[in-house]
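Asks: Have a look at this one.
The values are calculated or read from the model by the stated rules, or taken from the named source; none is laboratory data. Note that the coordinates shown come from a computational prediction; the quantities given were computed from them, not determined experimentally. Every residue, glycine as well, gets a Cβ built from its backbone with ideal geometry; the counts of neighbours run over all protein chains shown. Only protein heavy atoms, including side chains, enter the accessible area calculation; ligands, DNA and RNA are left aside. Shrake-Rupley method; radii C 1.70, N 1.55, O 1.52, S 1.80 Å.
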Amino acid sequence: MSVKVYSTPTCPWCSMAKKYLDSKNVRYEDLDVSMDRNAATEMISKSGQRGVPVIEIDGNIIVGFDKDRIDSLI
């Protein structure tokens, strides 16, 4: 399973999403879009969104922290 979390350090929803994935023992790549311009461009291109978090699970895009959608994909 491939999981990416596009986030920023100051985003409370991002922190909750990452803690939730940690609680489910899901390994993920954390991409800080405030520092990584390429990651920010990739996130916008995949999701059409500028807000975080954006979570990608095996090519499926989740905008925001949506536990039910995360659970359905992990």
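Asks: Restricting the search to the range 1-10, which residues are modelled with pLDDT of 95 or more and either within 17 Å of Leu73 (Cα to Cα) or in contact with a strand residue (DSSP E or B) (Cβ under 9 Å, 6 or more places away or on another chain) (or both)?
Replies: Ser2, Val3, Lys4, Val5, Tyr6, Ser7, Thr8, Pro9
Asks: In addition: Which residue is farthest from Ile74 (Cα to Cα), if the candidates are limited to the range 11-27 and must be assigned to a loop (DSSP other than H, G, I, E, B) and touching a residue at least 24 places away in the same chain (Cβ under 8 Å)?
Replies: Per the criteria, the residue is Cys11.
Asks: When you look at Asp22, is it loosely packed, with under 13 Cβ neighbours inside 10 Å and on the phi > 0 side of the Ramachandran plot, yes or no?
Replies: So Asp22 does not fit the description; no.
Asks: Within the range 28-36, is there a residue that is within 23 Å of Ser72 (Cβ to Cβ) and either in contact (Cβ under 8 Å) with a residue 40 or more places away in the chain or assigned to a loop (DSSP other than H, G, I, E, B) (or both)?
Replies: yes
Asks: Read through the list (1) in contact (Cβ under 8 Å) with a residue 40 or more places away in the chain; (2) on the phi > 0 side of the Ramachandran plot; (3) open to solvent by 50 Å² or more (accessible area, probe 1.4 Å), then give the number of the only condition that Gly48 fails.
Replies: (1)
Residue-by-condition table, conditions (1) open to solvent by less than 30 Å² (accessible area, probe 1.4 Å); (2) of a type in the set (A, V, I, L, M, F, W, C); (3) part of a loop (DSSP other than H, G, I, E, B):
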residue: Lys4; (1), (2), (3): no, no, no
residue: Val52; (1), (2), (3): no, yes, yes
residue: Ile62; (1), (2), (3): yes, yes, no
residue: Ser72; (1), (2), (3): no, no, no
